[in-house]
Structures are given as C-alpha cells and as structure tokens.
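Some notes on the structure that comes next.
The values are calculated or read from the model by the stated rules, or taken from the named source; none is laboratory data. Remember, it's a predicted structure, so these values are computed and weren't measured experimentally. Reconstructed Cβ throughout: ideal geometry from the backbone, glycine too, with neighbour counts over all protein chains shown. These area figures cover heavy atoms from the full protein model, side chains too; ligands, DNA and RNA do not enter into them. Shrake-Rupley method; radii C 1.70, N 1.55, O 1.52, S 1.80 Å.
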Amino acid sequence: MLDLTQPVVMGILNITPDSFSDGSLYLNANEALNRAAIMVAEGASIVDIGGESTRPGSLPVSVQEELDRVIPMVERLVCNLSVPISVDTSKPDVICEALKAGARLINDVRAFQLPGALEAVASSNNAYLCIVHMQGQPENMQMEIQYANVVKEVYTFLAERVEVCETVGIRNNRIFVDPGFGFGKNLAHNLSLLKNLNSFTDLAAGVAVGISRKSMIGTLLDASSVSERLSGGLAMAALAVWQGARIIRTHDVRETVKALRVCTAVLAAE
Ligand code: 8Y7
C-alpha cells in the first residue's frame, strides 16, 4: 500500500476547532472533504485527520467527542479519496473505530502508550503505525524540558516502543518512527534531532516528520505568523528527506510535493 522507495507527503486535515494554523476553517464536513480532495490533487499520498489538538497547552477532548468528529469524516474520506487515510489519535476506541471505518495508518503522538492502544492497533493486521516521541503531555510539554542527550533519548524511546510493538505481533515493516518536533523540545533539541535524523532510519520501515509551520521555524526566521514559515518548512523538509525521511507531514502540500520532487531527483542522481 505505501511505496517506501520515495519520500511522500502526508497532508494535514485538521477538524479541531482550536487547531493553531488553520483555525476553525475545516470544521464543516463538506469543506473538509473539499480540502482533502485538493490536497490529493496537489500530490498528497496520505491524508492525516485528527480530532484532538495536540498543540502546546491544548486540553484533551472526550472519547465521544473525538469519535463524533473523526469517524464520520474517515468514512467519507475513505469513500471519496484514492489515498490511504491516517488518523491522528491516541485513544483505543478511536483507533478501533477508525480502522473499522477504513483508516490505514494510526498516527499517535502518545506512541500507543495509553492502555489498550497497542492492542487496538494490533487487532488489524494491515494497519500502519506512526510512533511519535513526546516529552510530557500537550498541556505541559513546553514547560520543563530536560534531556541529557536528546538524540540518544528519543532514539532509545522509539526503539523501545518498536520492541513493544513486536511483542504484540506488529512487525517493524508496518511502523514509522517520528522524533516529534516541538513535542517537549526547545529549539536546540529540534535542531539536533533534525541534524541527526539519519540515525533513526534503522529503527523501522521509515522515518516520519512533522515540521510545517512549527514555532521552531518562527523562532529561526523571526516569523510570528504561520504564513511566513513556508520557506523554512520547505528547507527543513529537504534536510529531512536528504537524511532518509519517508513521510513529510505538512499543511503546505502543493509546495512540499514540489520540494520533494527536486529532492528526489537529486537523491536519484549518480
Ligand atoms: C506532529 C504530528 C502534530 C508531528 C506526527 C502540528 C499530530 C502539531 N505534529 N504527528 N501531529 N508528527 N507524526 O503542528 O510532528 O501539526 S500536531
């Protein structure tokens, strides 16, 4: 299902009322479907939909609210789009229902650590997993950040989670690992992780990254508004792909697809 020989773009479809970069634009189901179809037309190979914001400081939503937001949308996207649908969730019930509705990938910023989450995803024998590293929880993750060696600690965490997956029968050819830029990391941590991204490629089927519009770019470019962060996001996506990243999760699908096309040409050269 997923061709892992080339880097691909995962387009973000936020359906949370408080998602930081596109606000409440895509709450309406028809608008969300339109937006998703546009992303596919622009070259997205995966559409990632999430019903719980994980931006710094955000608060959890109830299981029922997340189910109500996400599952009907997954059903519509699966029916109407030609690409695999990914669901950004941590909750076992949402994982189960999303897979039943036809989602092919579960993207969990809590790395399948909530009780029952791993069992939920293991129950489907062809689902892909994206395991993301986060220090702390969204409500407090940017407050007390501490690492002795961020690259080593993130690597060890992801390696342990991949091992735990194997104990429930999930082989690593279905797993993507993601260092979780901005999830309990300061600018220096994020830069070290990006600079050393190639060290994560031996862990699983592929490395995924989410960079677009994040505050690390804002800080580097002195760009407070997200619209000023595109060029920085593309530069970082190129650096990630150069080091073997396979999934680039982004709001800026059209531009990122083009950036990856030129990166892929360079990577394919003699
Ligand atoms: C990431 C993510 C977010 C990321 C993966 C945002 C859901 C914040 N960031 N998933 N999710 N990687 N795999 O800026 O970096 O979109 S939420």
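For region 79-96: of the residues being open to solvent by 20 Å² or more (accessible area, probe 1.4 Å) and aliphatic (A, V, I, L, M), which is nearest to the ligand (Cβ to nearest atom)?
Per the stated criteria, the residue is V83.
Exactly one condition in (1) closer than 25 Å to V164 by Cα; (2) without any contact (Cβ under 8 Å) to a residue 40 or more places away in the chain; (3) out of contact with any Ser or Thr (no Cβ under 9 Å at 6 or more places or on another chain); (4) away from the ligand (no atom under 14 Å from the Cβ) is not met by E119; state its number.
Failed condition: (2).
Given (1) of a type in the set (V, I, T); (2) part of a loop (DSSP other than H, G, I, E, B); (3) away from the ligand (no atom under 16 Å from the Cβ), identify the lone condition not met by I71.
(2)
Looking only at region 19-34, decide whether some residue is within 18 Å of the chain's Cα centre (by Cα), more than 14 Å from the ligand (Cβ to nearest atom) and in contact (Cβ under 8 Å) with a residue 60 or more places away in the chain.
No - not one qualifying residue is present in region 19-34.
Quick check on my filter: what residues within region 103-115 are open to solvent by less than 30 Å² (accessible area, probe 1.4 Å) and more than 16 Å from the chain's Cα centre (by Cα)?
The answer is none; no residue qualifies.
With the requirement that a residue be under 17 Å from the mean Cα position of the chain (by Cα), without any contact (Cβ under 8 Å) to a residue 60 or more places away in the chain and in a loop (DSSP other than H, G, I, E, B), what does region 135-163 give you?
Q135, Q137
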